[in-house]
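Notes for the one structure printed next.
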Amino acid sequence: MRRRRVRLAGAVLTAALLTGCAHPAGPVASAQRPGGKAARDTGRDGRPLPPVVDHVRTRDPVVFLTYDDGAERDPRFLALVRARRLPVTMFLTDRVAGPGYGHFARLRAVGASLQNHTLDHHSLRGLPYAGQRAEICGQQRKLKARFGIRPRLFRPPYGRYDTATLRAAADCGLAAVVLWRAAVDGEGNLTYTRGARRLHPGDIVAVDPDRPAGRPLSERTERVLREIGQRGLRVGRLEDFL
């Protein structure tokens, strides 16, 4: 599919439900805008900084389902992805997902995409460049060794990042930093970081896996799939649009 232009996230993404992480986070840093000073900056090897996105500009009636960490390995979720042929995107942290990489190999075999969420899930904003690069590039190497892939997409833990994060992501070969406009809580309800309180084409949705007291991942996914269908939308493959 032809790649679409992405829309950069708004000026400041407000604090919202922490998605795919264990502790609440403050507001994330502002997104990079084309033509601005940060957007013209580059990584240390001269690569342009990746865009930061929580929504994709598209006329296609699609939204994108993303999952973080790899903590919850609900076998019914694997069956759901297989049965519905869902092109979900998994942002994996090695420390969390590593013991269960076989589960994610099976998810990949039925259509899931595996992307980078750092080695150890440290909050990156404010860390030195070298430490951020070690977290990001280290997970690139882990996923390459385990699955033979080099991810193109990166989600910073807790949604927190700074310019050093963007430079490290560029130097690790990543094409975009992916946040979210909508999130799915422990009961399967949608919350929003900004804008209209309903799904729109191009929205990136994050389904929080760290909800031991909530509904299983498969049930929460089924609930949001009903909402997606009621809006006349379907699940798209994020990598085809970024």
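Tabulated data
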{"quantity": "Whole-number D in µm² s⁻¹ for the stretch 37-240, Kirkwood Cα-pair radius fed into Stokes-Einstein, 37 °C, 0.692 mPa s", "calculated": "192"}
{"quantity": "Vicinal HN-Hα couplings computed from phi for the stretch 77-83 (Karplus, 6.51 cos²θ - 1.76 cosθ + 1.60; Hz; Gly/Pro x)", "calculated": "5, 4, 5, 5, 4, 5, 5"}
{"quantity": "The stretch 113-196: mean projected area of Cα convex hull, nm²", "calculated": "6.4"}
{"quantity": "For peptides 155-164, 139-148, 63-72, 181-190, sequence by mean Cβ density within 10 Å, most packed first", "calculated": "63-72, 155-164, 181-190, 139-148"}
{"quantity": "C-alpha center-to-center spacing [the stretch 192-242, the stretch 75-106] in angstrom", "calculated": "16"}
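Quick note: the coordinates plus some simple rules give every number you see, no bench work behind them. Just so it is clear, the model here is predicted, and its values are computed rather than measured. Cβ sites come from the backbone with ideal geometry, for glycine too, and all protein chains shown count toward neighbours.
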